[in-house]
Structure formats: C-alpha cells, structure tokens
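Structure first, then comments.
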Amino acid sequence: MLSRIAKRAFSTPCKTGANSKFCVILGSQWGDEGKGKLVDILSKDYDVCARFNGGSNAGHTIVVDGQKYAFHLLPCGILYPKCKNILGNGVVVHLQTMFEELAQLDKNGVNYSNRLFISDRATLVSNMHREADRVSENKKAKAGEKIIGTTLQGIGPSYGSKVLRFGLRVGDLIDWDLFLKKYDKFVTDAQYVYRVENFDKAGELDELKQLRERIMKGGMIVDSIEF
C-alpha cells in the first residue's frame, strides 16, 4: 500500500512550479497512522523534508543499512545525504531532545552539517513545560479526576505559552543577553500560569547556553518562510 502511494506521489508533477513536486503527509486520526514510515519512504528522493507542527511526543523508528534510529523530533529526511531538513515555525522544540537524537547520527557517522535548520519562530520547549505537564497530571490523579494521559514532554503547556504570548522562540537565542531577560520573564509567567514551584532554572540555562553555541556554529536558525 505504501509503495503505491509513494509511486503516485512522484507521478503527478505540481502545476504551480516548473518541474517542482510537493507532497504533504497528514494524519487523519489521532496519531499512529504510519506518517513517519511514509515520510521515510518519500524523503530519500526529495530535496527538503519539513516538519510543520508537533514536538517530541511523536515517535518513529527507522532502519537504514541495518542501523536502527529512534526519532521523536527530527524529520526522517535527516538520514539521506541530499535532503535538507526543517523544523518549521509551528513545531515546539525541546533542544535537549533534539541533540540527544543527533547523537545517534554522530555515533554512526551520519553527516547533517548544513542539512538541519530550525525556524527562528519555532517555540522553545522548556523543562518548565515538562514539569507543568507532570504537575497537572498529578493534581488530576490526586483529585480523582481523569488524567489526560500526556507523554509528559511539555507539548500542551508549550503551545499554551505560545497562545498566551509569553513563550520563548528559537530565534530569541541569537542574542544571549536579551534571551536571559526574556527567559526570566518566561519563568515568572510560567510559574504563575502553571503553578510550578520546583524548577532548576540555573541548570536549564547552563544547558541552553551550551546547546546555543552548537546551534549558532552550525547555522541552524533560519527564517523558514523565506527558506
């Protein structure tokens, strides 16, 4: 079934551009439809693989040349040398998770230099968001209420902070001094909204500073709309 869909995707050129082809993969249920598998099949023949929403609550396993990779955030196209990969502005990005996944590529000699980009408008998932997830579920459980059954990856709270306009964006990392001020305000607002008391602010800032250096060195932050 998947092979027939893949062949059909390549057989009909997009009429809006000269010799250009676009393929959008959407899930029509609530996950586990096999989106990752289909994207993996298609991305090896595409120039760009872009993820436009969601976060590290998703999950897909890919086997290439006998090597297994487990991704929750990275686009499947990251394993194919000619494919550039984008985490778009609608994605919520937990940088610590992203670099844990990139470590799999480093270990197996997969070069992703100049092939992984993050929208400057993408929302940062803080450990605060993850703690908010945990606190919310625990409160429901103690009150005898039905829990959501969240993956505790902070996805809901991060989108909440985006909608309420106090969340941080990946582009905020470009100016570190300004980011520190925005981060302080974010923590204050998040603690008020999500009622989180225990949070290692200094620990996360130290992590983000180190990861920022790798992101800036790799030129990963881009305006994905122009891209």
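Against the condition modelled with pLDDT of 95 or more, out of contact with any strand residue (DSSP E or B) (no Cβ under 8 Å at 6 or more places or on another chain) and crowded, with 16+ Cβ neighbours inside 10 Å, how does Phe199 come out, does it pass?
It is false that Phe199 is modelled with pLDDT of 95 or more, out of contact with any strand residue (DSSP E or B) (no Cβ under 8 Å at 6 or more places or on another chain) and crowded, with 16+ Cβ neighbours inside 10 Å.
With the structure loaded, tell me whether Gly160 is under 21 Å from the mean Cα position of the chain (by Cα) and within 26 Å of Asp106 (Cβ to Cβ) or whether it fails that test. Taking the combined requirement at face value, the residue does not satisfy it.
Would you pick out the residues in the stretch 1-27 that are surrounded by fewer than 11 Cβ atoms within 10 Å (Cβ to Cβ) and at pLDDT 80 or above? Within the stretch 1-27, Val24, Leu26 meet the criteria.
Please go through the stretch 115-154 and pick out each residue that is of a type outside the set (D, E, K, R), assigned to a loop (DSSP other than H, G, I, E, B) and at negative phi.
Passing the criteria: Ala122, Val125, Ser126, Ala143, Ile147, Ile148, Thr150, Thr151, Gln153.
Starting from residues that are buried (at least 19 other Cβ atoms within 10 Å of the Cβ) and free of Cβ contacts under 8 Å to residues at least 60 places away in the same chain, keep the ones in the stretch 173-186 and report whichever is farthest from Met216 (Cα to Cα). Ranking the qualifying residues of the stretch 173-186, first place goes to Tyr183.
For beta carbons closer than 7 Å, sequence separation of 6+ or different chains, a first residue in the stretch 21-32 that is in a loop (DSSP other than H, G, I, E, B) and a second that is surrounded by 10 or more Cβ atoms within 10 Å (Cβ to Cβ) and among the hydrophobic types (A, V, I, L, M, F, W, C), the qualifying pairs are Lys21/Phe10; Lys21/Cys14; Phe22/Cys14; Cys23/Ala9; Cys23/Leu42; Ile25/Leu38; Ile25/Val39.
The values are calculated or read from the model by the stated rules, or taken from the named source; none is laboratory data. Note that this is a predicted model, so its numbers are computed, not measured. Please note: Cβ atoms are built from the backbone with ideal geometry, for glycine as well, and neighbour counts cover all protein chains shown.
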